[in-house]
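Each value in this text was obtained by applying a stated rule to the coordinates, not by laboratory testing. In this text, all values refer to a predicted model and were calculated from it rather than measured experimentally. We place every Cβ from the backbone using ideal geometry, glycine too, and count neighbours over all the protein chains shown.
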Amino acid sequence: MRTVEWVDGELDVVDQTALPRLCRVRLRTVDEVVDAVRRLVVRGAPLLGVVGALGVALAASDGAAAERVRADAERIAAARPTAVNLGWGVEQALAHLDAGPAAVLKAALAVLDDDVRRCRALAKRGAALLGELCGDGQLALHTHCNAGAMACVEWGTALGVVRALHERRRVRLVVVDETRPLLQGSRITTVELAQLGLEHRVVVDSAGPSVIARGLVDAVVVGADRIAANGDVANKIGTYPLALAAARAGIPFVVAAPESTVDAATASGADIRVEQRSAEEVLLLDERRVAPPQTAAWNPAFDVTPADLVTAIVTEDRVIRPGAR
């Protein structure tokens, strides 16, 4: 099953706000694409790149003037600021605008199909690297948020590495952070692990570093939403404490992401704009307020892990070792 398809001139996507209940929705307009990105109906850096490209194809499909298509493309790219893949996907399709709508669609569909190849390649490379770093035997792995099939088209990045190791019978246990405030770990990653038949445990985010400190896992594997030129990594909020704990415990901290997530134009993590989401995601539980009316909240969607805490970054093409610089 693919998380996104182009069907009859529309985007057919899995609604990730409904998970673990599986349902699909159609995105028929650019407004609906922008709304779906903002509300996390579609989420995950690689998937956002694909949706960005298909969104441009949708904008161009009715023969709209180039100025209008470019304006729609800007709106799509700006819908979420931290994940570089969204703007990258938009540019992949927009580059063919002068050749007409058919050329734009062809480029967008190429981005969709290529995501599967990229993720499978990086998963294989990441599995080999963890074998090198951790030695023989079965591994207990720790992951954060969801960087599996639901964050991509059908395979996964960090969880793709886990899948590749599972195929080699190398995984003993996967520890999954719940990933507050929207619970992508407990709502989504656990479903994927259960489907794979992998033993797993959910822990609250604040317990993650303690799990590492107690020696209960052999490595941490996460995805990324933007990787700066110096190797700093932006990922879901709560990633940085895991990197600190992994460094203290002396275990590998590995980032798995496609080359499209590496942003050479961003010098360091200090230059990454971190998305601030609605305080209601933190202050409401099942639409019931859990804090006094006068209480405010900060709700950053991402944090930045410095390069010197990253053991390796694995892409479909290479292994980058920023911590060794």
From the square roots a ≥ b ≥ c of the eigenvalues of the alpha-carbon gyration tensor of the stretch 108-239, which class results: rounded (a/c under 1.5), prolate (a/b over b/c), or oblate? rounded
Loop GluC sites (Glu not before Pro), the stretch 270-325, which have at most 12 other Cβ atoms in a 10 Å radius of their Cβ (DSSP): Glu287
How much net charge surrounds Leu285 when only the other residues with a Cβ under 15 Å from the Cβ of Leu285 are counted, with Lys and Arg +1 and Asp and Glu -1? -1
Listed residues Leu112, Leu309, Leu133, most fluctuating in the chain (Gaussian network, C-alpha, under 10 Å): Leu133
Rounded to two decimals, what is the ratio between the C-alpha radius of gyration of the stretch 262-325 and 2.2 N^0.38 Å? 1.66
Where the Cα atoms of the stretch 44-164 are projected onto their three principal axes, how long is each span, largest first, in whole Å? 59, 24, 18
List the extent of the Cα atoms of the chain along each of their three principal axes, largest first, rounded to whole Å. 59, 50, 39
D_trans [Stokes-Einstein, Kirkwood Rh over alpha-carbon pairs] for the stretch 178-297, 37 °C, 0.692 mPa s, µm² s⁻¹: 200 µm²/s
Env charge @ Ala73, Cβ radius under 13 Å, K,R +1 / D,E -1, value -1
I need the peptides 191-201, 67-77, 148-158, 256-266 ranked by packing, meaning the mean over residues of other C-beta atoms within 10 angstrom, with the highest value on top. 148-158, 256-266, 67-77, 191-201
Just flag the chymotrypsin sites (Phe, Trp or Tyr not before Pro) in the stretch 217-325 sitting in loop per DSSP whose Cβ has no more than 15 other Cβ atoms within 10 Å. Trp298
Separation in nanometres of the label points that stand 7 Å from Cα toward Cβ, at Ser210 and Arg248: 1.2 nm
As an exercise, find the ratio Rg/Rh for the stretch 4-115 from alpha-carbon atoms, using the Kirkwood inverse-distance average for Rh. 0.94
What whole-number distance in Å separates the alpha-carbon centres of the stretch 286-308 and the stretch 171-194? 20 Å
Below 11 angstrom from the Cβ of Asn299, what's the summed charge of the other residues (Lys, Arg +1; Asp, Glu -1)? -1
What 222 nm value per residue comes from the helices of the chain, counting each DSSP H run with n ≥ 4 as -39,500 (n - 2.57) and dividing by all residues, nearest 500 deg cm²/dmol? -11500 deg cm²/dmol
Expressed as a rounded percentage, what relative contact order does the chain have, with Cα pairs under 8 Å and six or more residues apart? 16 percent
